[in-house]
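These notes concern the structure reproduced below.
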Amino acid sequence: MTKYRMYVDEVGNPDLESSDNPNHRFLSLTGVITDLLHSAEVVHPEMEQLKENFFRSHPDEPLILHRKELVNAKPPFQALRDPAIRSQFDEKLLELLSKWEYTVITVCIDKKRHKETYTTWRYDPYHYCLEVLLERYVFFLQQHYCQGDVMAESRGGREDRRLKASFERLSSNGTHFVTAETIQNSLTSRQLKVKPKANNIAGLQLADLIAHPSRAEILYEQELLGKSLATFAEKVIHILQSKYYARADQVYGKKFL
């Protein structure tokens, strides 16, 4: 049986007290679902080759792709300050993002509206986003008659405990639309796997590259982005149209709360 893994990347923070700040108003979780065999045999080696070709990455000290550092050409990606190299890298990265086989689900919440709407009792924004993300992942697994697990990037002690507790609560209690039994039958583990960035996990790096453009697309559609989409982000978004989770000709890979 094919086994899948959903790699989760978080953009923003779940703190409701910061929701009035335009820079912290939105929280999004992006899940990138891949067949573990495809990730090991295709995505990982091709990602490592990309790093070696452009940044001379070595297996003893592998570089970790991070969208923000790539965009700003910060070390160890300073080679991208050369416009010719930047163009070549962007072209190759877009080719790989298009070629690799994965499915995307992004859930984005407007914390300001959430705070204003629910004045006496509020669902924790992170838990709310994770619930919707997990529901759709379970639907995906059922649709493909298979099982899978979930991995997120480590953010430190207290944050990691929050992630794990939220995930375990959902897998133990179920959600509004999916029973605990259904979730447990779909997942190979009731525990969220949390790994540090330094582990050089291709799926987590892929999620990092995709999460920000996907969130930008959702906010742009809601007329909440407040600026134009960046040119490269538009190209990534164009690729994502064929990667978003869909069933019965409906897109379930984008959700705005």
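Each value in this text was obtained by applying a stated rule to the coordinates, not by laboratory testing. The structure presented is a predicted model; accordingly, all values stated were derived computationally and were not measured. Cβ sites come from the backbone with ideal geometry, for glycine too, and all protein chains shown count toward neighbours.
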Compute the long axis of helix 44-55 from its Cα atoms, compare it with the longest principal axis of the Cα atoms of the chain, and write down the angle in degrees, 0 to 90, nearest 10.
50 degrees
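For the pairs LYS99/LYS195; LYS164/LYS227; LYS3/LYS254; LYS74/LYS255; LYS193/LYS254; LYS51/LYS112, flag any whose C-alpha to C-alpha distance is greater than 29 Å. Write out the running numbers ahead of the final one.
Details: LYS99/LYS195 26 Å; LYS164/LYS227 35 Å; LYS3/LYS254 23 Å; LYS74/LYS255 32 Å; LYS193/LYS254 23 Å; LYS51/LYS112 39 Å.
In this structure, LYS164/LYS227; LYS74/LYS255; LYS51/LYS112 lie more than 29 Å apart at Cα.
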Could you calculate, for the chain, the ratio of the Cα radius of gyration to the Kirkwood radius, expressed as Rg to Rh?
0.96
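Could you tally the net charge around LEU94, taking each other residue with its Cβ under 15 Å from the Cβ of LEU94, Lys/Arg +1 and Asp/Glu -1? Before the final figure, lay out each step's value.
Working: positive: ARG67, ARG86, LYS92, LYS99, LYS235, LYS243; negative: GLU46, ASP90, GLU91, GLU95, GLU234.
Within the 15 Å Cβ shell, the charges total +1.
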Please give me the summed charge of the neighbours of ARG67: other residues whose Cβ is under 10 Å from its Cβ, Lys and Arg +1, Asp and Glu -1.
-2
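Computed FRET efficiency, Cβ-Cβ of SER189 and GLU48, R0 22 Å: what is it to the nearest 0.05? Working shown, then result.
Values: r = 26 Å, r/R0 = 1.20.
Approximately 0.25, to the nearest 0.05.
Given only helices, namely DSSP H runs of n ≥ 4 each adding -39500 (n - 2.57), what is the per-residue ellipticity at 222 nm of the chain, to the nearest 500 deg cm²/dmol?
On the way: 9 runs with 114 residues, N = 257.
Calculated mean residue ellipticity at 222 nm is -14000 deg cm²/dmol.
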Using only Cα atoms, what Kirkwood radius does region 1-99 have, in angstroms?
15.9 Å
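Add +1 for every Lys or Arg and -1 for every Asp or Glu among the other residues with Cβ under 13 Å from the Cβ of TYR220, and state the total.
Net charge in that neighbourhood comes out at -1.
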Using DSSP loop states and a limit of at most 12 other Cβ atoms within 10 Å to flag trypsin sites (Lys or Arg not before Pro), what is the longest stretch of the chain containing no flagged site?
57-226
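Return the Rg/Rh ratio of region 97-190 with Cα-based radii and a Kirkwood Rh. Each step should come with its number before you reach the end.
Values: Rg = 14.7 Å, Rh = 14.7 Å.
Expressed as Rg/Rh, it is 1.00.
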Test of understanding: in a Gaussian network model of the chain with alpha carbons linked when under 10 Å, which of GLN78, GLN205, GLN147 would top the mean-square fluctuation ranking?
GLN78
